[in-house]
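To keep things clear, I will list the structure first and then write my remarks on it.
The values are calculated or read from the model by the stated rules, or taken from the named source; none is laboratory data. The model shown is predicted, which means the values in this text are computed figures rather than measured ones. So basically every Cβ, Gly included, is an ideal-geometry build from the backbone, and we count neighbours across all protein chains shown.
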Amino acid sequence: MSSQKKPVGVVPLGEVPEIALKVIAAHISGYYKLSVQILPPLEHPEYAFDERRFQYNAGIILKAFESMRFKDYDKIIGVLNPDLFIPIFTHVFGEAKQGGKFALVSLFRLGKNPDGSPSPSSLIYERVAKVALHELGHLFNLLHCQEKRCLMHFSGDIQDLDETPINLCRYCSTFLKDRLLRQSDNEESLKKLDKIPLNLLGSKERFRQ
């Protein structure tokens, strides 16, 4: 058993590349030392489509999650292809309820470089991992960080996301470790968590399709 009572669930909404789900699950397990399960797909969230914006309202999807049965999971990350927005932003890469249970990751804007050219698959999967880990951080009550070299720093566009490292700053690492330790309920979990470094280092190996 890992560092919590219940695993994190990664659930596709509609058709999502399986490798994207595996990348997210592997990074959550490898970086945060949490148990993870990839769940069967849910239906495409057509109910959240905004005809004026031709985007999907992330808040509506998160609200719908609250009525679904995920009692066997501590946190849920929904992964989908469509472009997401919230009313105060033109788009978001992901969205989460601060300190809550549910988060979203959109793949829509992660496949192209700032100049519009296609990105290599390794870079796409790195972006996917960053967004997922960032949103999961919010679920564990981490706020946006002022430190630019921190995973929890806000990324408004692809260039920001690419410049953001996949590791947390010392403050955010310490905060997250404390949250996970408080959530842990057995000695084995505590031993595993004790191995999390104060600065979560990114792997040099990237996922390849």
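A compact table of results
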{"read-out": "Residue list for the range 150-171, filter: assigned to a helix (DSSP H, G or I) and without any contact (Cβ under 8 Å) to a residue 24 or more places away in the chain", "value": "D160, E163"}
{"read-out": "G59 at pLDDT 95 or above, outside any strand (DSSP E or B) and under 19 Å from the mean Cα position of the chain (by Cα)", "value": "yes"}
{"read-out": "Filter result (among the aliphatic types (A, V, I, L, M) and touching a residue at least 40 places away in the same chain (Cβ under 8 Å)) within the range 22-33", "value": "V23, I24, A26, I28"}
{"read-out": "Flag for A103 being surrounded by 20 or more Cβ atoms within 10 Å (Cβ to Cβ), under 24 Å from P17 (Cα atoms), among the small types (G, A, S) and modelled with pLDDT of 95 or more", "value": "yes"}
{"read-out": "Elements of type strands (runs of 3 or more DSSP E) contained in the range 68-136, each with 1 or more residues being basic (K, R) and closer than 18 Å to Y31 by Cβ", "value": "75-80"}
{"read-out": "Test: residue in the range 33-54 that is in a loop (DSSP other than H, G, I, E, B) and under 25 Å from D160 (Cα atoms)", "value": "yes"}
{"read-out": "Residues located in the range 29-53, provided they are touching a helix residue (DSSP H, G or I) at 6+ places or on another chain (Cβ under 6 Å) and within 19 Å of M68 (Cα to Cα)", "value": "V36, I38, P45, A48"}
{"read-out": "Selection status of I88, of a type in the set (A, V, I, L, M), without any contact (Cβ under 8 Å) to a residue 12 or more places away in the chain and over 15 Å from L139 (Cβ atoms)", "value": "yes"}
{"read-out": "Evaluation of F70 against (1) farther than 24 Å from D157 by Cβ; (2) surrounded by 15 or more Cβ atoms within 10 Å (Cβ to Cβ); (3) modelled with pLDDT of 95 or more (one fails), failing number", "value": "(3)"}
{"read-out": "Among the residues listed as A96, A64, A26, the single one being buried (at least 19 other Cβ atoms within 10 Å of the Cβ), small (G, A, S), touching a helix residue (DSSP H, G or I) at 6+ places or on another chain (Cβ under 9 Å) and modelled with pLDDT of 95 or more", "value": "A96"}
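To keep it simple, each residue is scored yes or no on (1) surrounded by fewer than 13 Cβ atoms within 10 Å (Cβ to Cβ); (2) over 23 Å from L180 (Cα atoms); (3) of a type in the set (D, E).
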{"position": "P17", "(1), (2), (3)": "no, yes, no"}
{"position": "K33", "(1), (2), (3)": "no, no, no"}
{"position": "E51", "(1), (2), (3)": "yes, yes, yes"}
{"position": "D74", "(1), (2), (3)": "no, no, yes"}
